[in-house]
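> Please find one structure pasted underneath; my questions will follow.
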Amino acid sequence: MSRSAYYSIVILLVSVALYLPSAAYDFAYDDMLQIVHNPAVQGFTLSFDSLKKTLLSPTPPGNLYRPLTTLTYQLNKVSGGDNPAFYHLFNILLYALVCFLVFKLYSLNFKSLNFAFVCCSIFVVHPVHVEAVANIVGRAELLAAFFGILSVLLAANYLKNSKNLFLFLSALFFLLALFSKESALTLLLILPLYSFYHLRKENCSADRQYIVFGVLSLLLTTSLYLILRKAALGDQFLMSGDGKTIYAENPMFNMGFFERLPSAFRILGDYIVLFLFPFKLSADYSLMPADLLAETYSLRGIFSILLLLIYLVLLFKFRKEGYALWGFWFLAAFAVTANIITPIGTVMGERLAFLPSVGLIPFIASLIYDLAKRPAFKFLATPLFVVFVLAAFTMRTVLRIPVWQNNTILFEATLKDAPKSPKAMYNWAVELYLKKHDLDNAEKWLRKALKLHPNHIFSLKLMADIALSRRDYGRLEYWYRRILAINPHNQEVKSRLQELLKYKSSLSGDPEGVIQKEHAN
């Protein structure tokens, strides 16, 4: 058995063994929205009409387009029912395949197979990947990376052999990556970037004109994707705000370009910090605009911005080195999700760092390897140091994975991980209300959330639910009016308020219609 085959087997086995405990976990977090309560998944039947509907339908909450990811959930449902184990096992096996492809990608680009193996080993055990694997809906990241890396590998074969079949397959897998998650659009940058460095390194039979052919195939593929996305999403084709609403999930959403730039740069620096020291992890990075700006201009925020600047200086300095490819990969892979070009639905997320990590890990490892050539830093290249890093990351990953067992464990942990997040407080209040029937504590956390975000509509609705459960119709009217003050066009709340007012004016009977309708939702 060759050393490459041996390393491949080790990578596959370790990646499966590391995450196998998550097969016993329940659905959690966004799994509820995109799987458990998604009619497209729960009502799916294996037929041509169903497949067509999946291809031309939006993904919950309605402004996403991920038909291939949704299809995998549907196939899970058809084959294994509502058992979350089958969904988790799919993620685990898919992650193992992604790790295998990452090793192949590194092996192709580094002269030392041992170095490629070390980089891939860090990728396998890195704690930042836990969310993408242990949370079922992280599958979108895994699928996008799987098909994206396949597209890159086939593009390399096309450049080497000049066979159109490889170009066609590369474009096909790029399309599948786009059908998995929108952020795969970053491959429009990654593929030409990879091709440029690959042609410099290899003695390819292809001329640089083949990069042009490759880019044209990518543009045609992207055009097809955008047409289908438009057909599925209609007016939701592009995310847009009203310019004034505050979204705790991303306080930069309605900021202008120059206004959000410092915070976006700080968060990019935070990602680098997270890769170097992945010990403070969170399922939620939501916060209010004032807290966002306070963190950006804090000492920690300034450190993150300086770290990003150092990263950019080093990347420019070593731009002619082969490993600079990976430094550019990291930046290119964040082009869609960094909130720089355009804001997205979330301010920061560990799952968003999955594809960028393919580039950042070997780039930092290469910088450390060069640094280790100096006598004072020789210890950085010793097997003992490598083992220490792998052991530390593995231990952190092993401790982090169980946080994703279920919503109760996850949301309680997130309260500590994200103490300034109104969304985290709301999620915990939902657990207290639905699972533990603890109305008092649920209300306490909702009031904390509303103190941070007075217009958090979900918290206001849950406060109304609690008032209704207590039959406190005075408070119920108050919360309904708070909701309508924010969204006067909410017909459901308008209708309920009218029924409540009719009951209060009649002073007789019980508004069972109100109660039943409220609890039905």
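> What pairs come up if the first residue lies in segment 446-459 and is under 19 Å from Asn490 (Cα atoms) and part of a loop (DSSP other than H, G, I, E, B), the second is of a type in the set (Val, Ile, Thr) and at pLDDT below 95, and their beta carbons are under 7 Å apart, counting only those six or more places apart or on different chains?
Asn455/Ile246; Asn455/Ile486
> Which of the residues belonging to segment 392-415 are part of a helix (DSSP H, G or I) and under 18 Å from Val137 (Cα atoms)?
To start, the set of residues in segment 392-415 that are part of a helix (DSSP H, G or I) comprises 392-404, 407-415.
Listed by number, the residues that qualify are Arg400, Ile401, Pro402, Val403, Trp404, Asn407, Thr408, Ile409, Leu410, Phe411, Thr414.
> Then there is this: Out of Ser282, Ser205, Ser240, report the one residue that is at pLDDT 95 or above and not in a helix (DSSP H, G or I).
Checking each option against the conditions leaves just Ser282.
> Take the conditions of a type in the set (Ser, Thr, Tyr), part of a helix (DSSP H, G or I) and closer than 28 Å to Ala5 by Cα and apply them to Ser151. Does it pass?
Yes; evaluated as a whole, the condition is true for this residue.
> Continuing with the same structure: With respect to Ala464, determine if the residue is farther than 21 Å from Glu249 by Cβ, assigned to a helix (DSSP H, G or I) and modelled with pLDDT of 95 or more.
On the way: farther than 21 Å from Glu249 by Cβ: yes; assigned to a helix (DSSP H, G or I): yes; modelled with pLDDT of 95 or more: yes.
For Ala464, the condition - farther than 21 Å from Glu249 by Cβ, assigned to a helix (DSSP H, G or I) and modelled with pLDDT of 95 or more - is met.
> Sort out which residues of segment 365-423 are among the small types (Gly, Ala, Ser) and in contact (Cβ under 8 Å) with a residue 40 or more places away in the chain, and write them in order of number.
Result: Ala365, Ser366, Ala413, Ala418, Ser421.
> Name the single residue, out of those in segment 56-76 being surrounded by fewer than 16 Cβ atoms within 10 Å (Cβ to Cβ) and aliphatic (A, V, I, L, M), that is nearest to Leu94 (Cα to Cα).
Once the filter is applied, the top-ranked residue is Leu75.
> Restricting the search to segment 1-29, which residues are assigned to a helix (DSSP H, G or I), among the small types (Gly, Ala, Ser) and within 24 Å of Arg396 (Cβ to Cβ)?
Ser15, Ala17, Ser22, Ala23, Ala24
> Working only within segment 416-445, note down all residues that are part of a helix (DSSP H, G or I), more than 27 Å from the chain's Cα centre (by Cα) and not small (Gly, Ala, Ser). Full working, then the answer.
Keep residues of segment 416-445 that are part of a helix (DSSP H, G or I), which gives 416-417, 422-434, 439-445.
Among the residues that remain, those that are also more than 27 Å from the chain's Cα centre (by Cα) are: 433, 439-444.
Scanning segment 416-445 gives Tyr433, Leu439, Asp440, Asn441, Glu443, Lys444.
> Additional query: Of the residues that sit in segment 1-33 and are at pLDDT below 95 and of a type in the set (S, T, N, Q), which one is nearest to Ser121 (Cα to Cα)?
Ser4
> Checking Ala17 against (1) touching a strand residue (DSSP E or B) at 6+ places or on another chain (Cβ under 9 Å); (2) free of Cβ contacts under 8 Å to residues at least 60 places away in the same chain, which single condition isn't satisfied?
So Ala17 meets the others, but not (1).
> Can you tell which of Ala365, Ala353, Ala335 is in a loop (DSSP other than H, G, I, E, B) and either buried (at least 24 other Cβ atoms within 10 Å of the Cβ) or at pLDDT 90 or above (or both)?
Ala335
> Only one residue in Val387, Val313 is more than 19 Å from Cys120 (Cβ to Cβ), part of a helix (DSSP H, G or I) and over 26 Å from the mean Cα position of the chain (by Cα). Which one? Step through it out loud before you land on a result.
Working: Val387 fails: more than 19 Å from Cys120 (Cβ to Cβ).
Checking each option against the conditions leaves just Val313.
> Sticking with this one: Checking Val41 against (1) β-branched (Val, Ile, Thr); (2) at pLDDT 95 or above; (3) surrounded by 19 or more Cβ atoms within 10 Å (Cβ to Cβ), which test does it fail?
Of everything listed in (1) β-branched (Val, Ile, Thr); (2) at pLDDT 95 or above; (3) surrounded by 19 or more Cβ atoms within 10 Å (Cβ to Cβ), Val41 misses just condition (2).
> Of the residues Phe174, Phe179, Phe168, Phe146, which single one is under 24 Å from Pro67 (Cβ atoms), in contact with a Lys or Arg (Cβ under 8 Å, 6 or more places away or on another chain) and part of a helix (DSSP H, G or I)?
Of the residues listed, the single one that is under 24 Å from Pro67 (Cβ atoms), in contact with a Lys or Arg (Cβ under 8 Å, 6 or more places away or on another chain) and part of a helix (DSSP H, G or I) is Phe179.
> Scanning segment 490-521 for residues that are outside any helix (DSSP H, G or I) and surrounded by 15 or more Cβ atoms within 10 Å (Cβ to Cβ), which turns out modelled with the lowest pLDDT?
Pro511
> Sort out which residues of segment 86-114 are hydrophobic (A, V, I, L, M, F, W, C), within 24 Å of Ala381 (Cβ to Cβ) and either crowded, with 18+ Cβ neighbours inside 10 Å or within 17 Å of the chain's Cα centre (by Cα) (or both), and write them in order of number. Break it down into steps so the answer makes sense when it comes.
Going residue by residue through segment 86-114, those that are hydrophobic (A, V, I, L, M, F, W, C) are 86, 89-90, 92-94, 96-103, 105, 108, 110, 113.
Filter again for within 24 Å of Ala381 (Cβ to Cβ), leaving 99, 102-103, 105, 108, 110, 113.
Those that are hydrophobic (A, V, I, L, M, F, W, C), within 24 Å of Ala381 (Cβ to Cβ) and either crowded, with 18+ Cβ neighbours inside 10 Å or within 17 Å of the chain's Cα centre (by Cα) (or both): Cys99, Val102, Phe103, Leu105, Phe110.
The values are calculated or read from the model by the stated rules, or taken from the named source; none is laboratory data. Being a predicted model, the structure only gives us computed values, none of them experimental. Backbone-built Cβ (ideal geometry, glycine too); neighbour counts: all protein chains shown.
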